[in-house]
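Below is one structure, written out as structure tokens; the observations come after it.
The values are calculated or read from the model by the stated rules, or taken from the named source; none is laboratory data. All figures in this text were calculated on a predicted structure; none of them were measured in a lab. Methodologically, a virtual Cβ is constructed for each residue, glycine included, from the backbone with ideal geometry; neighbour enumeration extends over all protein chains shown.
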Amino acid sequence: MNEVFYESKRFFNLPLHEKMKLLRNEKHRGYTPTLDQSLDPQNQVHGDYKEGYFIGREIPEDDPLAEKPFFGPNQWPSKDILPRWRQVMEQYHKDSFKVALSMAKIIALALDLDPDFFDKPEIFGEPIATLRLLHYEGKVSNPSMGIFGCGAHSDFGFITLLTTDDVVGLQCIVQLEINWKRDGRERVIERLDSSETDYCELS
């Protein structure tokens, strides 16, 4: 993980004009500058004070799957600038995806399903599996002024895995009650949790 964070910081420390050469494309691959995203527009004056980088499964342009949204080749920094960046991030994406598949089995068991339930082709046959590196510029959030490092939101997709460094940043408050029925029995999940950290994510 140290190498992942090291290479991530090397990219975000590049001059803006270099990062903008890899601006996120229609396949959601590449760089997103500060204020590009606004996750809570009703409460935010500006966008999120963070920059990011999207990496997905590497799908060649001539693959029929690349015709679908969110599938296609990744954008990579020049090897002349960051020679090991692609290798490190591809390996991290691969390892994180394995963890996500293992977590899916645990979730299936918790729901009284077969552990391989989510392995079905119609569910995880062609997962999007997006890795997103995030960098917060250090601007302190001020909710009363509508300033947020990252606006309040619920994540997209099936599951999000967060990998953190030593700098606090993420505030996660979950308070929910879920009711559902299975086999004629009603079940209830109640949870209240909070934590602070900084992260990059695979979802």
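Run down Met103, Met89 and say which single residue is of a type in the set (A, V, I, L, M), in a helix (DSSP H, G or I), in contact (Cβ under 8 Å) with a residue 24 or more places away in the chain and within 21 Å of Tyr136 (Cβ to Cβ).
Met89
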- Message: Within region 50-70, take every residue that is of a type in the set (Phe, Trp, Tyr) and surrounded by 19 or more Cβ atoms within 10 Å (Cβ to Cβ) and give me the one that is farthest from Glu18 (Cα to Cα).
- Response: Phe54
- Please indicate, with yes or no, whether at least one residue in region 72-81 is among the hydrophobic types (A, V, I, L, M, F, W, C), at pLDDT 85 or above and under 18 Å from Thr32 (Cβ atoms). yes
- Could you check Leu22 against (1) surrounded by fewer than 17 Cβ atoms within 10 Å (Cβ to Cβ); (2) over 22 Å from Ser96 (Cα atoms); (3) touching a Pro at 6+ places or on another chain (Cβ under 8 Å) and say which number it fails? (1)
- Query: If you go through region 38-60 one residue at a time, how many are among the β-branched types (Val, Ile, Thr) and assigned to a loop (DSSP other than H, G, I, E, B)?
  - Reply: 2
- Query: Of the conditions (1) surrounded by fewer than 18 Cβ atoms within 10 Å (Cβ to Cβ); (2) within 21 Å of Asp155 (Cα to Cα); (3) acidic (Asp, Glu), Glu3 fails just one. Which one is it?
  - Reply: (2)
- Item | Hey, Gln75 more than 22 Å from Thr164 (Cβ to Cβ) and in contact (Cβ under 8 Å) with a residue 40 or more places away in the chain or not | yes
- Within region 15-47, how many residues are farther than 24 Å from Phe71 by Cα, among the hydrophobic types (A, V, I, L, M, F, W, C) and in contact (Cβ under 8 Å) with a residue 60 or more places away in the chain? 1
- Message: Filter region 110-135 down to the residues that are in a loop (DSSP other than H, G, I, E, B), on the phi < 0 side of the Ramachandran plot and modelled with pLDDT of 85 or more and list them by number.
- Response: Leu111, Leu113, Asp114, Pro115, Asp116, Lys120, Glu126, Pro127, Ile128, Thr130
- Any chance region 37-46 includes a residue that's surrounded by fewer than 14 Cβ atoms within 10 Å (Cβ to Cβ), farther than 21 Å from Leu134 by Cβ and more than 20 Å from the chain's Cα centre (by Cα)? yes
- Query: Is there a residue being closer than 17 Å to Glu137 by Cα and touching a Cys at 6+ places or on another chain (Cβ under 9 Å) anywhere in region 13-32?
  - Reply: no
- Residues in region 49-70 that are over 19 Å from Ser8 (Cα atoms) and not hydrophobic (A, V, I, L, M, F, W, C): how many? 8
- Query: in contact with an Asp or Glu (Cβ under 8 Å, 6 or more places away or on another chain) and touching a residue at least 60 places away in the same chain (Cβ under 8 Å) - does that describe any residue in region 4-11?
  - Reply: yes
